[in-house]
Number of protein chains: 2
Amino acid sequence: MAKSVLYMSMSLDGFIAGPNERIDNGLGDGGMRLHHWLMGSKAGEPVVQRPSGVNGEVWDAFMTTGAVVTGHGTRTLTDGWGGDHHDGVPLFFVDRDAARLQQDAPPRVTYLEDVAEAMDRARAAAGDRDVLVHGVGLTRHALAAGALDELHLHLIPVLLGQGRRLFENLPPDHVELERLSTVEGEDGVTHLRYRVVV
Amino acid sequence: MAKSVLYMSMSLDGFIAGPNERIDNGLGDGGMRLHHWLMGSKAGEPVVQRPSGVNGEVWDAFMTTGAVVTGHGTRTLTDGWGGDHHDGVPLFFVDRDAARLQQDAPPRVTYLEDVAEAMDRARAAAGDRDVLVHGVGLTRHALAAGALDELHLHLIPVLLGQGRRLFENLPPDHVELERLSTVEGEDGVTHLRYRVVV
């Protein structure tokens, strides 16, 4: 059975983007720091690429997922990954305007209003692979709906100071987690895997 | 040379206390969850005690420090640990009202207005041992003053949702960290040690 897994790079102080996020500044000011571990260069230009070592194994984990789910904010900032996040796996976008958006959707893209339904559809589409989940708002809604199975956080050795936090505006109810593994990656990145205890 | 080391238990979502902190509710609502790993019981009553295993080794590290520094908030909530945090080591309290407070200070307690001076005095008093640093406001001021050498965080496997964050209201300047170690403790607690890169 496919699991829904949140993959996010987060600073030690809890930020997943710097301040002043905009479409032309998708990671916010200085937010690229959180993704250095995924950046190489080609002909002098920085490019996202598979890292080597332990970090590469983590890359492989999220790049072999069988479906992707995200919400309005991440879809907008990434332009919906042009309809293909990796290997043409199905994309599920949660949006309150799902019906209208679906009319112009590219192939393999499904818009849904309900986060739990989106996660169920993505799990079914992913088959025996996991579902890659992204986004701050989606995380909040998926936790509230009990629709998130695991958190895989890439903890970046920096205090960003300001920006967008991964965990913000949650209700005061505790969400207990079970630690699955802690792996020291290259460049000081620590990969933390937790199961959401329901 | 003694190092100044922040020791704090923090939830995965960055909280070190629950909401509604008061003198009679020092950890905030539900904040005791963050300290379960330090709690045992004696005659049916919960007590703070040395845990066994890896967690016990971490306890030993902060209970063999040679001086303690904290700020107004933590001092107030703990009543200044009654003048003795552990083994009678010197206590340094940073407070804007230092001169007045010093007049009624118990032995071994020094009030200072300046965080860098407090940290220097504590390092000197600690000799070849480290300095235990506690507190949210103090962390912010000590980072700004370049007076914090290391962060040792005990990452608790829970999302608290609301409460007081350890890292809040920092300037947007990045503080780079060097990972020193990642150790899986008992009860899902992960001990993260970082050096502040200056």
- line: Among (1) buried (at least 21 other Cβ atoms within 10 Å of the Cβ); (2) of a type in the set (Ser, Thr, Tyr); (3) not in a helix (DSSP H, G or I), A:THR110 falls short only on (1)
query: Do any residues in the stretch B:126-139 that are on the phi < 0 side of the Ramachandran plot have Cβ atoms under 9 Å from those of residues that are of a type in the set (Phe, Trp, Tyr), where the two are at least six apart or on different chains, and which pairs are they?
result: B:ASP130/B:PHE62; B:VAL131/B:PHE92; B:LEU132/B:TYR7; B:LEU132/B:PHE62; B:VAL133/B:TYR7; B:HIS134/B:TYR7; B:VAL136/B:PHE167; B:THR139/B:PHE167
query: Can you name every residue in the stretch A:17-39 that is farther than 14 Å from A:GLY161 by Cα, assigned to a helix (DSSP H, G or I) and not aliphatic (A, V, I, L, M)?
result: A:HIS35, A:HIS36, A:TRP37
query: Quick one: A:GLY82 ticks every box in (1) assigned to a strand (DSSP E or B); (2) over 29 Å from B:GLU176 (Cβ atoms) bar one, so which box is it?
result: (1)
task: Give the residue that is surrounded by the fewest Cβ atoms within 10 Å (Cβ to Cβ), with candidates limited to residues of the stretch A:26-55 that are polar (S, T, N, Q) and away from every other protein chain (no Cβ under 14 Å).
output: A:SER41
- request: Out of B:LEU159, B:LEU101, report the one residue that is farther than 19 Å from B:VAL198 by Cα and buried (at least 20 other Cβ atoms within 10 Å of the Cβ).
  value: B:LEU159
Selection status of A:ALA116, modelled with pLDDT of 95 or more, within 14 Å of another protein chain (Cβ to nearest Cβ) and over 16 Å from the mean Cα position of the chain (by Cα): no
- prompt: Based on what the data block shows, is B:ALA61 surrounded by fewer than 21 Cβ atoms within 10 Å (Cβ to Cβ), hydrophobic (A, V, I, L, M, F, W, C) and either modelled with pLDDT under 95 or outside any helix (DSSP H, G or I) (or both)?
  reply: no
- prompt: How many of the residues in the stretch B:141-198 are assigned to a helix (DSSP H, G or I), more than 22 Å from B:PHE93 (Cβ to Cβ) and either more than 7 Å from chain A (Cβ to nearest Cβ) or out of contact with any Leu (no Cβ under 9 Å at 6 or more places or on another chain) (or both)?
  reply: 2
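This table checks each residue for (1) under 18 Å from the mean Cα position of the chain (by Cα); (2) farther than 24 Å from B:GLU150 by Cα.
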{"site": "B:SER4", "(1), (2)": "yes, no"}
{"site": "B:MET8", "(1), (2)": "yes, no"}
{"site": "B:LEU12", "(1), (2)": "yes, no"}
{"site": "B:ILE16", "(1), (2)": "yes, no"}
{"site": "B:GLY26", "(1), (2)": "yes, yes"}
{"site": "B:SER41", "(1), (2)": "no, yes"}
{"site": "B:PRO46", "(1), (2)": "no, yes"}
{"site": "B:GLN49", "(1), (2)": "yes, yes"}
{"site": "B:ASN55", "(1), (2)": "yes, no"}
query: Looking only at the stretch B:11-25, which residues are within 14 Å of another protein chain (Cβ to nearest Cβ) and within 26 Å of B:PRO90 (Cβ to Cβ)?
result: B:ILE16, B:ALA17
message: So A:ALA147 passes all but one of these: (1) in contact with a strand residue (DSSP E or B) (Cβ under 6 Å, 6 or more places away or on another chain); (2) crowded, with 20+ Cβ neighbours inside 10 Å. Which condition number does it fail?
response: (1)
query: Could you give every pair whose Cβ atoms fall below 7 Å, whose first residue belongs to the stretch A:74-91 and is within 20 Å of A:ARG50 (Cα to Cα), and whose second residue is basic (Lys, Arg) and modelled with pLDDT of 95 or more, counting only separations of at least 6 or pairs across chains?
result: A:GLY88/A:ARG108
query: What pairs can you find where one residue is in the stretch A:101-124 and of a type in the set (Val, Ile, Thr), the other is in a loop (DSSP other than H, G, I, E, B) and surrounded by 14 or more Cβ atoms within 10 Å (Cβ to Cβ), and their Cβ atoms are less than 7 Å apart, with a gap of 6+ or different chains?
result: A:THR110/A:PRO90; A:VAL115/A:ALA145; A:VAL115/A:ALA147
- request: Could you tell me whether A:LEU91 is within 14 Å of another protein chain (Cβ to nearest Cβ), surrounded by 19 or more Cβ atoms within 10 Å (Cβ to Cβ) and within 30 Å of A:THR182 (Cα to Cα)?
  value: no
query: On the given criteria, is A:VAL133 under 29 Å from B:HIS174 (Cα atoms), more than 12 Å from every other protein chain (Cβ to nearest Cβ) and among the β-branched types (Val, Ile, Thr)?
result: yes
query: From the set of residues in the stretch B:82-119 that are hydrophobic (A, V, I, L, M, F, W, C) and in contact with a Pro (Cβ under 9 Å, 6 or more places away or on another chain), which is nearest to B:LEU143 (Cα to Cα)?
result: B:LEU91
Hits in the stretch A:2-46 - residues which are of a type outside the set (Ser, Thr, Tyr), touching a strand residue (DSSP E or B) at 6+ places or on another chain (Cβ under 7 Å) and modelled with pLDDT under 90: A:GLY40, A:PRO46
message: For the structure I just gave you, tell me whether A:THR74 is in contact with a strand residue (DSSP E or B) (Cβ under 7 Å, 6 or more places away or on another chain), buried (at least 16 other Cβ atoms within 10 Å of the Cβ) and among the β-branched types (Val, Ile, Thr).
response: no
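The values are calculated or read from the model by the stated rules, or taken from the named source; none is laboratory data. These numbers were taken from a predicted model, which means no experiment stands behind them. Cβ atoms come from the backbone with ideal geometry, glycine included; neighbour counts cover every protein chain shown.
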